[in-house]
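> This is the structure I want to talk about, given as structure tokens.
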Amino acid sequence: MADDTIFLGKADKREELYLPMANRHGLVTGATGTGKTVTLQIMAEGFCKAGVPVFAADVKGDLSGISQEGMPQDFLLERAKKVGFEDYGFAATPTIFWDLFGEQGHPIRTTVSEMGPLLLSRLMGLSEAQEGALNIAFKIADEEGLALLDLKDLRALLVDLADRGKDLRTEYGNLSAMTIGSIQRRLVVIEEQGGDKFFGEPALDIKDLMRTTRDGRGYMNILAADRLMSSPQLYATFLLWLLSELLEDLPEVGDPDRPKLVFFFDEAHLLFTDAPPGLLQKIEQTVKLIRSKGVGVYFVTQNPLDVPESVLAQMGNRVQHALRAYTPREQKAVKTAADTFRANPKFKTDQAITELGKGEALVSVLDLKGVPTMVERTMIRPPESRMGPITPQERDKLIKSSPVYGQYDESIDRESAYEKLTQRAGERAEAQKQATAEKQAAREARAAPRPRESATDRFVKNVAGSVGRQVGNMVVRSLVRGILGSFSRR
């Protein structure tokens with residue numbers, strides 16, 4: 001491998017991926033069993049050897065073998081000889097394992113606030129009205145200084161908003177209990193899928209995905225995704241969140257001599273299936289802009305039709321494995337794939353796509369001027385690392401020797417919206433309880449029967465009244481006589 005290229009395989013000439021053009025993104029497609037995973041593996045090996053960190057999801061567990069040195073096997077040595085891989089040897093790639101569930105790697109977490117209402121709505125499959133209510137919830141949390149770290153924070157906030165719905169209606173519009181209840185039910189589904197483990201602290205520091213070894217090699221970051229694939233929306237939303245974080249946090253670097261990070265998105269169709277227009281626009285914008293941050297995005301999928309044309313147009317480096325053409329849709333996929341390549345007069349591209357054997361691919365990359373090379377029918381080189389999964393013991397050893405071991409493995413639960421809202425609800429309940437008690441006391445006082453007067457009390461009262469009347473009469477008569485006397489003296 002030259003200093004600025006990654007050796008992919010051989011056609012009539014060596015086919016190489018140019019590192020200065022590697023941030024112009026790429027696409028690896030092909031039917032199941034045609035060699036896409038091995039292609040991903042050799043590209044990742046090349047990037048890491050060149051000092052470029054890589055992040056990739058391991059959907060079937062096969063990619064984990066990149067962490068171990070390969071074993072000499074006849075078919076590998078024969079393939080290396082055929083493609084002219086003269087310095088072919090066996091080596092492990094430095095690897096860090098990650099897992100959203102914390103079972104097969106270091107946990108990856110983010111906070112609810114960092115995920116944001118758009119991606120969270122996508123994750124929960126909310127309607128437009130429900131997404132609007134969630135946006136209001138995030139706005140109120142920001143205004144009131146309520147940290148949304150995990151799902152219990154969001155749940156507590158939604159309960160609080162339901163209680164305050166009438167007070168908030170004038171400023172924010174209607175927040176119906178039915179809408180909030182629907183969001184709460186979706187949260188239950190996310191929790192049952194294990195999504196609650198994804199939200200919390202310590203949150204992932206993006207810089208930990210961009211580590212290099214002391215000898216200058218990039219780390220291979222592998223996300224264990226075999227269990228995650230049973231929750232496709234969580235898988236797709238997580239990877240899109242990761243891209244968004246990279247776009248937001250990394251500085252502009254233009255076109256570096258090699259990428260700062262390469263991101264492989266396996267089963268890419270999950271990102272686009274049933275995605276609303278607003279989300280598709282965000283994906284397209286992210287892919288466009290992240291190139292200038294030095295990040296290359298490579299989609300891996302079976303069918304090129306899985307990727308929207310607006311995104312497909314930005315994939316400069318392409319590896320196409322065999323496709324079948326038995327149905328009209330498959331035939332359309334073959335034609336679409338063929339039309340995206342710069343034609344080679346030596347063969348018909350659409351015909352070649354259906355004739356490719358295992359380990360063969362059509363390859364076209366961007367040259368150093370940014371122009372796509374003519375498509376070539378290429379025999380892909382063998383990997384230097386192990387092909388196939390590693391053992392649980394090997395994985396455990398690598399996790400414990402990882403440079404981030406102990407940094408993310410224990411969760412932290414600091415004071416956030418849940419604690420503050422729980423305290424607020426308690427104070428509100430206590431005040432309401434006191435007010436209710438005072439009203440009850442007043443009602444009881446009004447309804448209480450007056451005590452009966454004894455015979456002695458009535459006698460004293462009557463005597464006092466009689467005496468009072470007599471004294472009053474005497475005073476009145478005295479005043480009258482005084483007035484009449486003053487007139488007579490005149």
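The values are calculated or read from the model by the stated rules, or taken from the named source; none is laboratory data. Treat the numbers as computed from the prediction; the structure is a model and nothing was measured. We place every Cβ from the backbone using ideal geometry, glycine too, and count neighbours over all the protein chains shown. Accessible surface is based on the protein model in full, side chains and every heavy atom, while ligands, DNA and RNA are left aside. Shrake-Rupley method; radii C 1.70, N 1.55, O 1.52, S 1.80 Å.
> Near Lys332, which lysines are there with a Cα under 21 Å away, not counting those fewer than 8 places off in the same chain?
Within the straight-line limit of under 21 Å, Lys332 reaches these lysines: Lys36, Lys348.
> Of Thr340, Gly370, Pro383, which is farthest along the charge dipole of the range 325-385 in the positive direction, counting Lys and Arg as +1 and Asp and Glu as -1 at C-beta?
Thr340
> Please report, in debye to the nearest 20, how large the charge dipole of the range 22-131 is about its Cα centre when each Lys and Arg carries +1 at its beta carbon and each Asp and Glu carries -1 there.
Computed about the Cα centre, the dipole is about 280 debye.
> To the nearest 10 degrees, how steeply does helix 277-290 sit against the main Cα axis of the chain, on a 0 to 90 scale?
Approximately 60 degrees, to the nearest 10.
> Moving on. What full-extension length gain, to one decimal in nm, is calculated for Lys346 and Arg428 as 0.36 nm per residue of separation minus the Cα-Cα distance?
Result for the pair: 21.6 nm of gain on full extension.
> Checking the cross-link filter: which aspartates and glutamates have an alpha carbon closer than 14 Å to that of Lys60, excluding same-chain neighbours under 8 positions apart?
Asp99, Asp226, Asp266, Glu267
> Quote the charge dipole size of the range 256-308 about the Cα centre in Debye, to the nearest 20; the model charges only the Cβ of Lys and Arg (+1) and of Asp and Glu (-1).
400
> Suppose accessible area is computed on protein heavy atoms with a 1.4 Å probe; arrange Arg414, Arg185, Arg217, Arg318 from highest to lowest.
If we order Arg414, Arg185, Arg217, Arg318 from most to least accessible, we get Arg185, Arg414, Arg217, Arg318.
> Here's something else I'd like to know. Which residues make up the longest stretch of the chain clear of GluC sites (Glu not before Pro) that lie in a DSSP loop with no more than 15 other Cβ atoms within 10 Å, not counting the sites?
No qualifying site falls inside 253-409, the longest such stretch.
> Now for a separate question. Which aspartates and glutamates have a Cα lying under 17 Å from the Cα of Lys288, excluding residues fewer than 8 positions away in the same chain?
Excluding near neighbours in sequence, the set is Glu245, Glu248, Asp249, Glu252, Asp255, Glu309.
> Could you go through the range 315-320 in sequence order and give the Karplus-derived ³J(HN,Hα) for each residue, using 6.51 cos²θ - 1.76 cosθ + 1.60 with θ = phi - 60°, rounded to whole Hz, and x for Gly and Pro?
In residue order, the calculated couplings are 8, x, 10, 10, 10, 10 Hz.
> Please give, to one decimal in nm, the separation of the simple spin-label points placed at Tyr326 and Arg446, each 7 Å out from Cα toward the Cβ.
8.3
> Mind listing the long-range amide H neighbours of Asp266? Cut-off is under 5 Å, sequence gap 5 or more, other chains count too, H placed in the peptide plane at 1.01 Å from N.
Ala57, Val300
> Step through the residues of the range 73-81 one at a time and calculate ³J(HN,Hα) from phi using the Karplus curve (6.51 cos²θ - 1.76 cosθ + 1.60, θ = phi - 60°), rounding each to whole Hz and writing x for Gly and Pro.
The phi angles translate into 10, 4, 5, 6, 5, 5, 4, 4, 5 Hz.
> On a 0 to 90 degree scale, rounded to 10, what angle separates helix 232-249 from the longest Cα axis of the chain?
Relative to the chain, helix 232-249 is tipped by roughly 90 degrees.
> Given a 1.4 Å probe and heavy atoms of the protein chains only, how would you sort Thr32, Thr336, Thr212, largest accessible area at the top?
Thr32, Thr212, Thr336
> Further question: For Ser416, Ser176, write out the residues from largest to smallest accessible area, computed with a 1.4 angstrom probe and no ligands counted.
Sorted by accessible area, descending: Ser176, Ser416.
> On to the next question. Can you work out the Karplus-derived ³J(HN,Hα) for every residue in the range 34-40? Use 6.51 cos²θ - 1.76 cosθ + 1.60 with θ = phi - 60°, whole Hz, and x for glycine or proline.
The phi angles translate into 9, x, 4, 5, 5, 4, 4 Hz.
> Set the bar at 31 Å for Cα to Cα. Now go through Lys49/Lys152; Lys139/Lys260; Lys197/Lys420 and name every pair that lies beyond it.
Lys49/Lys152; Lys139/Lys260
> Run through the range 236-327 and list the chymotrypsin sites (Phe, Trp or Tyr not before Pro) located in a DSSP loop whose Cβ has at most 16 other Cβ atoms within 10 Å.
Counting only loop positions with at most 16 other Cβ atoms within 10 Å, the chymotrypsin sites (Phe, Trp or Tyr not before Pro) in the range 236-327 are Tyr326.
> Can you list residues whose amide H is under 5 Å from Thr95's amide H, if they're 5+ apart or on another chain and H is modeled 1.01 Å from N?
Those qualifying (amide H under 5 Å, at least 5 residues apart or on another chain) are Met220.
> Per residue, what accessible area does the chain have, given a 1.4 Å probe and all protein chains present, in Å²?
I get 50 Å² per residue for the chain.
> Kindly work out what percent of the DSSP beta bridges joining two residues of the chain are antiparallel, to the nearest 5.
Antiparallel: roughly 40 percent of the beta bridges in the chain.
> Another question, then. Counting only protein heavy atoms, what percent of the accessible surface of the range 1-77 is carbon or sulfur at a 1.4 Å probe?
Accessible surface attributable to carbon and sulfur in the range 1-77 totals 51 percent.
> Which value in deg cm²/dmol, rounded to the nearest 500, describes the helix-derived mean residue ellipticity at 222 nm for the chain, given -39,500 (n - 2.57) per DSSP H run of n ≥ 4 and division by the residue count?
-14500 deg cm²/dmol
> Using modelled backbone amide H atoms (1.01 Å from N, in-plane), which distant-in-sequence or interchain residues come within less than 5 Å of Val253's amide H?
Amide H neighbours of Val253: Lys293, Gly294.
> Would you be so kind as to identify which of Gln73, Met178, Tyr235 lies farthest towards the positive end of the dipole of the chain, taking Lys and Arg as +1 and Asp and Glu as -1 on Cβ and the Cα centre as origin?
So the residue we want is Met178.
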